[in-house]
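Presented below is the structure to which this report refers.
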Amino acid sequence: MKRVRIHAGKVGLVFKNGNYKCVITQGSHWLKFNEHVLVYSLDLAFNTPTALEVLLKDQTLADMLHVINVEDNQMVLMYSNNNFKNVLTAGRHTFWRDLVSYRFITVDLSDITIPETINKALYTNNALRLHIRTFEVAAHEKAVLIIDDTFDKILDHGTYHYWRNNQTIKIVKADLRQLQLEVGGQELLTKDKATVRINFYAQYKVTDIETALLRNKDYEKQLYTNLQLALRSFIGAYTLDELLDQKDNIAKAVVEDVQTQAQKLGVTVLHAGLRDVILPGDMKEIMNQVLIAQKKAQANVVTRREETASTRSLLNTAKLMEDNSMLFKLKEMEYVEKIADKIGEITVAGNGNVIEQLKDIFSVNK
């Protein structure tokens, strides 16, 4: 005989010759020959030393245990004293009943949706986050949710969590802000066979996310191609001079031309413009020569116009002076005054009367 003591918070399983015999709880107990006891803590999971089915035949022991069976398409969230403790995966799990208050929530993993009853604060818990897939859609985005390669729904901005199972989940995002597409370095021929290089831009927005992402592949590349073809068509219909004069009209025409195709791509073109019209080197030289010749011709016209105006003014003045002797004398005095302002000193030579000589110089009487 051997005496054993089971302390509070413990329990013992008695085995004889390797076979389970009974369960003993807190207190002193006598063991018979060939009997031994395995002691377990009531606050820990029960790891059975033998087949659980054998132990559960003892109703006393069965009443002391939580037996949790988790199927392949399930998992169980285990709470200890109302605090989340762990995730139980497929298999059988056993826990003691008396000391710790346990609560178990079974989750069906065939449904990827996480129930609202599960606190979102647990999503970052190390034990649980391994079983959760997280997707983020920014404030300026929308996304399409694709489950097992099948469209499910459109997601607005926010953070989304789904159970991790054997289903495939993808989200495809689209930027809803105003975007700009550059169509640069286009070598094009005008109607008069002049080669020009065009830099063009277009501003657009995604307005139908389902059409843009699910019904079209690379909608932005397709929009680029449509703009490129429309630009080539319109540039080829204008001479070089018309192109330079009507850049804004051409941009508007391109926008109107591609708008229908853009709607089929799920986008709306808002604005477009010709950023640069670049001429080859020899064409630049010719254009500069033409410009210089035009400016010279304009300058000659202005000069002749001013000369004509000046002559007409002189003629009118002469006619007035011819008809009015006093006006003629005033004009003479005006010129004498201008000459006197520029004379520093006057030298008078000869033996004549000085006063008389000055009078002769400045006299307005003829």
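Quick notes on this structure:
- Mean separation of Cα contacts under 8 Å (6+ apart) over length of segment 64-141, as relative contact order %: 29 percent
- Of the residues 146, 183, 166, the one whose Cα sits farthest towards the positive end of the charge dipole of segment 146-288 is 166 (charges of +1 on Lys and Arg Cβ, -1 on Asp and Glu Cβ, taken about the Cα centre).
- Angle between the chain longest axis and helix 219-235 axis [Cα atoms, degrees, rounded to 10]: 20 degrees
- Counting beta carbons within 10 Å around each of 306, 35 and listing the fewest first gives the order 306, 35.
- Nearest 10 degrees, 0 to 90: helix 247-264 Cα axis against the chain principal axis: 20 degrees
- Straight-line cross-link reach from residue 247 at under 19 Å between alpha-carbon atoms covers these aspartates and glutamates, not counting any fewer than eight positions away in the same chain: 182, 187, 192, 256, 257, 276.
- Charged-residue dipole, Cβ positions (Lys, Arg, Asp, Glu), segment 59-218 about Cα centre, Debye nearest 20: 380 debye
- For the chain: relative contact order, % (alpha-carbon pairs under 8 angstrom, 6 or more apart): 9 percent
- Of 16/85; 85/153; 16/57; 217/252; 191/252, those spanning more than 24 Å from alpha-carbon to alpha-carbon: 16/85; 85/153; 217/252
- Here the Karplus relation 6.51 cos²θ - 1.76 cosθ + 1.60, evaluated at θ = phi - 60°, turns the backbone of segment 80-85 into coupling constants of 10, 6, 6, 10, 4, 10 Hz, with x for every Gly and Pro.
- Projected onto its three principal axes, the C-alpha set of segment 1-84 covers 49, 25, 18 Å, listed from the longest axis down.
- Estimated FRET transfer efficiency (residue 191, residue 140; beta-carbon r; R0 45 Å; 0.05): 0.60
- Gyration tensor (alpha-carbon) shape descriptor, segment 179-279, a/c threshold 1.5: prolate
- Inter-site label distance for residue 8 and residue 123 at 7 Å from Cα along Cβ, in nm: 4.3 nm
Where a number appears in this text, it was derived from the coordinates with a stated rule and is not lab data. Note that the structure is a prediction, hence the values are computed from the model and not measured. So basically every Cβ, Gly included, is an ideal-geometry build from the backbone, and we count neighbours across all protein chains shown.
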